[in-house]
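Engineer: A single structure is presented below for examination.
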Amino acid sequence: MIIAVDGPAASGKGTLASGLAAHYRLPHLDTGLLYRAVGLAIAGHEDEAGFEEAAIAAARALDASHLTDLEALTSAETGVLASKVAVIGPVRQALYDYQRNFATQAAGAVLDGRDIGTKIAPDADVKLFIQADSKSRMERRARQLEKRGKAVDRYALYHQIEERDARDMLNPNGGFYKADDAHLLDTTLLDIEAALRAAIAIVDGTMARKAGL
Ligand code: C5P
């Protein structure tokens, strides 16, 4: 079974995807980490000439060893860098095979990102599109960062999230929209447990319908 989980920054899609992966015993790939790793590779050079070429080279050279420094990869600044490299067509192209191979492995998979249901795994068995209002997404991300001992400027974080959403949604090389056959799950008023229960109900219901039950 392939489950695609898409949604904007800090919508809870990563937590939901790893919860679904644990529940159904499926391998999980957070595809945002790939873009973040490319962003990190060009950190400090994003406004220089030649940064696109450097990003493309970093995407082509990417392997699992670049996905281990979670502290640096998951920072808010790296998120912004990720959204800058994610608009470069050849970067997306270079990351496609890694994601597609993960999605089509025999064991099945859960992938979360922006374009899983539209581009990476349009053939996924179940597609979820997660949304939540910007303010609650900011608050969730702020608490995650504070838990890690980071000082958070909520005003700046809110704007960072909005800026990233806008860049992602307008990305001409992206695919960040709800697929026609994706199930919309709004987590604004749900805690993690309730959101996971709702997601499991959608997956079970979809699979049962497909099996003709
Ligand atoms: O999901 P996360 O917030 O970690 O993603 C970081 C950035 O990577 C996103 O803002 C987006 O620009 C990019 N991304 C993407 N396609 C994906 C996953 C992430 O363009 N499938």
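Derivation of every value follows stated rules applied to the coordinates shown; laboratory data play no part. It should be emphasised that the depicted structure is a prediction, and the values quoted were computed from it without experimental measurement. As a convention, Cβ positions derive from the backbone with ideal geometry for all residues, glycine included, and neighbour counts pool all protein chains shown.
Engineer: Take Val87 and decide whether it is closer than 19 Å to Pro8 by Cα and part of a loop (DSSP other than H, G, I, E, B).
Structural biologist: yes
Engineer: Which residues, counting only those in the stretch 21-51, are of a type in the set (Gly, Ala, Ser) and away from the ligand (no atom under 16 Å from the Cβ)? Before the answer, list the steps.
Structural biologist: At the first step, the residues of the stretch 21-51 found to be of a type in the set (Gly, Ala, Ser) are 21-22, 32, 37, 39, 41, 43-44, 49-50.
Passing the criteria: Ala22, Gly44, Ala49, Gly50.
Engineer: Report, by residue number, each residue of the stretch 10-40 that is surrounded by 24 or more Cβ atoms within 10 Å (Cβ to Cβ) and among the charged types (D, E, K, R).
Structural biologist: Within the stretch 10-40, Lys13, Arg36 meet the criteria.
Engineer: Go through the stretch 94-213 and tell me which helices (runs of 4 or more DSSP H), entirely inside it, have 1 or more residues that are within 14 Å of the ligand (Cβ to nearest atom) and touching a helix residue (DSSP H, G or I) at 6+ places or on another chain (Cβ under 6 Å).
Structural biologist: Details: elements: 134-147, 154-170, 192-210.
Hits in the stretch 94-213: 134-147, 154-170.
Engineer: Moving on. Could you figure out which of (1) surrounded by 15 or more Cβ atoms within 10 Å (Cβ to Cβ); (2) in a helix (DSSP H, G or I) isn't true of Ser65?
Structural biologist: For Ser65, the failing item is (1).
Engineer: Being within 8 Å of the ligand (Cβ to nearest atom) and either part of a loop (DSSP other than H, G, I, E, B) or in contact with a His (Cβ under 7 Å, 6 or more places away or on another chain) (or both) is the filter here, so list the residues in the stretch 72-84 that pass it.
Structural biologist: Of everything in the stretch 72-84, just one residue is within 8 Å of the ligand (Cβ to nearest atom) and either part of a loop (DSSP other than H, G, I, E, B) or in contact with a His (Cβ under 7 Å, 6 or more places away or on another chain) (or both), namely Thr74.
Engineer: Now a separate question. Tell me whether the stretch 170-193 contains one or more residues that are surrounded by 11 or more Cβ atoms within 10 Å (Cβ to Cβ), touching a residue at least 24 places away in the same chain (Cβ under 8 Å), farther than 18 Å from Thr118 by Cβ and small (Gly, Ala, Ser).
Structural biologist: No, the stretch 170-193 contains no residue that is surrounded by 11 or more Cβ atoms within 10 Å (Cβ to Cβ), touching a residue at least 24 places away in the same chain (Cβ under 8 Å), farther than 18 Å from Thr118 by Cβ and small (Gly, Ala, Ser).
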